[in-house]
Amino acid sequence: MTETSQVWACDMDFAGTGDARLSFVATSDATIISAASREPGTFKNLPDDKGVYGPAQAVLHCGKGDVYFAARWNNEYDGVLLDHTRNTTPSYADIRRATFQAFLNTATSSHSCPAVMLPDGR
């Protein structure tokens with residue numbers, strides 16, 4: 001990690017009998033951004049050259065350089081979410097996308113990033 005890079009992470013453990021967890025990360029570490037960007041076909045371009053996005057992750061062109069944002073759901077959380085959303089609206093994908101969008105809406109301002117609206121993927 002360089003002197004100017006920053007890493008922020010947060011794990012949310014949910015109450016209940018399982019071990020449901022949701023993790024968020026934001027980092028300007030070039031090594032992490034490079035590693036995330038190496039996966040072929042992972043990212044699509046955002047409008048107006050604001051950055052790129054993929055499932056529950058994005059690299060945005062921010063005021064002091066690129067920043068990687070991601071959300072990760074563990075298997076227990078995924079299972080609960082799938083059970084809860086089976087044949088309902090909003091769907092599993094809608095909830096995951098909305099959760100990540102809410103994280104971006106909050107986290108991007110502290111990194112002087114552009115506001116982005118993730119496509120719904122339909």
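Values as computed for the structure displayed
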item: Selected residue (criterion: least open to solvent (accessible area, probe 1.4 Å)) from residues of segment 11-64 that are assigned to a helix (DSSP H, G or I) and either β-branched (Val, Ile, Thr) or in contact with a helix residue (DSSP H, G or I) (Cβ under 6 Å, 6 or more places away or on another chain) (or both); result: ILE33
item: Where a residue in segment 59-87 is at positive phi and its partner, wherever it lies, is open to solvent by less than 80 Å² (accessible area, probe 1.4 Å) and at pLDDT 90 or above, with Cβ under 7 Å and at least six apart; result: GLY65/SER28
item: Filtered residues of segment 80-122 (kept if touching a Phe, Trp or Tyr at 6+ places or on another chain (Cβ under 9 Å), assigned to a loop (DSSP other than H, G, I, E, B) and open to solvent by less than 80 Å² (accessible area, probe 1.4 Å)); result: CYS113, VAL116, LEU118, PRO119
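The values are calculated or read from the model by the stated rules, or taken from the named source; none is laboratory data. Since we're looking at a predicted model, the values are computed, not measured. Neighbour counts are summed over all protein chains in view; Cβ atoms, including those assigned to glycine, are modelled from backbone coordinates with ideal geometry. Surface accessibility is based on the protein's heavy atoms, side chains included, excluding ligands, DNA and RNA. Shrake-Rupley method; radii C 1.70, N 1.55, O 1.52, S 1.80 Å.
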